[in-house]
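Undergrad: Sharing a structure here in structure tokens format.
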Amino acid sequence: MIPQAYNTPRGYKNPDHGIALRGPLSQFFSGIYLKPLGDAFAAMDVTCLRYQDDVLVLCKSLRQLNRAKQRMMAVLKERRLRLSYKNAYRSPAPQHDQDIPGPSTGAAGSRF
């Protein structure tokens, strides 16, 4: 445990577990902790891109997407993590190079 106070809407808080946010060890340990997620997708015929806790999974079919989502949810449950549905999107591939309008973040897609 590396204690470092962080700012919240209700003032500063001292963590009582975990490691400091944005610290050099945070990236290292998140890679180790989320490695099973990468391993789960490596066993499937999907493309998975991950940066820290952000995951992009590219699938060829809706069936493959559903299997990937089930596998992801199983790994997250095993790791005692939750998916942020506020930031989770499913997007069809653009047809004929046309853009698909998305949420306010500019990302294409629709909610799970």
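Undergrad: Hey, what do the phi angles of segment 75-88 turn into as Karplus ³J(HN,Hα) couplings, whole Hz, using 6.51/-1.76/1.60 and θ = phi - 60°, x for Gly and Pro?
TA: Listing the rounded values in order: 5, 4, 5, 4, 8, 6, 10, 10, 7, 7, 5, 4, 10, 9 Hz.
Undergrad: Net charge near V55: determine it from the other residues with C-beta under 14 Å of the C-beta of V55, scoring Lys and Arg +1 and Asp and Glu -1.
TA: +4
Undergrad: Give me R50, R10, R79 sorted ascending by neighbouring Cβ count inside 10 Å, so fewest comes first.
TA: Ascending number of Cβ neighbours within 10 Å: R10, R79, R50.
Undergrad: Right, here's the next one. Between beta-carbons, use under 13 Å as the cut-off and find the net charge around F41, counting Lys and Arg +1, Asp and Glu -1.
TA: +3
Undergrad: Amide H of R90: which non-local residues (sequence gap of 5 or more, or other chain) have their own amide H closer than 5 Å, using H built in the peptide plane?
TA: For R90, the qualifying residues are S110, R111, F112.
No lab work stands behind these numbers, since they all come straight from the coordinates. All figures in this text were calculated on a predicted structure; none of them were measured in a lab. A quick note on method: Cβ atoms are made from the backbone with ideal geometry, for glycine too, and the neighbour counts reach across all protein chains shown.
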